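These notes concern the structure reproduced below.
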Amino acid sequence: MAEPARVVRPATYQDVLDAPPHMVTEVLDGTLYTHPRPAMRHARASSIIGGELVGPFDRGHNGPGG
């Protein structure tokens, strides 16, 4: 997991809003975590792989799920 940002006070939603747009940010237990946004090709690959898994695992078509 990414290293937490060094903040003296507990992180707030405003810290998330103030983060650069190329970063993904979240606050967990008052700690602000940031990491780079995935490149478009990685986001697309993740979506395609997830779509392929819907049939076998969520709908039970040709796979173990159902």
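Could you work out the helix-only [θ] at 222 nm for the chain, with each DSSP H run of four or more residues adding -39,500 (n - 2.57) and the total divided by the number of residues, to the nearest 500 deg cm²/dmol?
So the calculated ellipticity at 222 nm is -9000 deg cm²/dmol.
Could you state the angle between the C-alpha long axis of helix 40-53 and the longest principal axis of the C-alpha atoms of the chain, as a value from 0 to 90 degrees rounded to the nearest 10?
40 degrees
Can you give the accessible area per residue of the chain, in Å², using a 1.4 Å probe?
Working: 5420 Å² over 66 residues.
I get 82 Å² per residue for the chain.
Please give the FRET efficiency for ALA43 paired with ARG9, using the beta carbon to beta carbon distance and R0 = 35 Å, rounded to the nearest 0.05.
The computed FRET efficiency comes out at 0.60.
At 20 °C and a viscosity of 1.002 mPa s, what translational diffusion coefficient does Stokes-Einstein give for the chain, taking Rh as the Kirkwood radius over Cα pairs? Give it in µm²/s as a whole number.
Working: Rh = 14.4 Å.
Roughly 148 µm²/s, to the nearest whole number.
How much of the accessible area of the chain, probe 1.4 Å, is carbon plus sulfur, in whole percent?
Carbon with sulfur: 58 percent of the solvent-accessible area.
From the phi angles alone, apply the Karplus equation (6.51, -1.76, 1.60; θ = phi - 60°) to segment 11-18 and give each ³J(HN,Hα) in whole Hz, x where the residue is Gly or Pro.
5, 10, 4, 4, 4, 5, 5, 7
The values are calculated or read from the model by the stated rules, or taken from the named source; none is laboratory data. On a predicted model such as this, the values are computed, not experimentally measured, just so you know. So basically every Cβ, Gly included, is an ideal-geometry build from the backbone, and we count neighbours across all protein chains shown. Heavy atoms of the whole protein, side chains included, go into the accessibility calculation; ligands, DNA and RNA do not. Shrake-Rupley method; radii C 1.70, N 1.55, O 1.52, S 1.80 Å.
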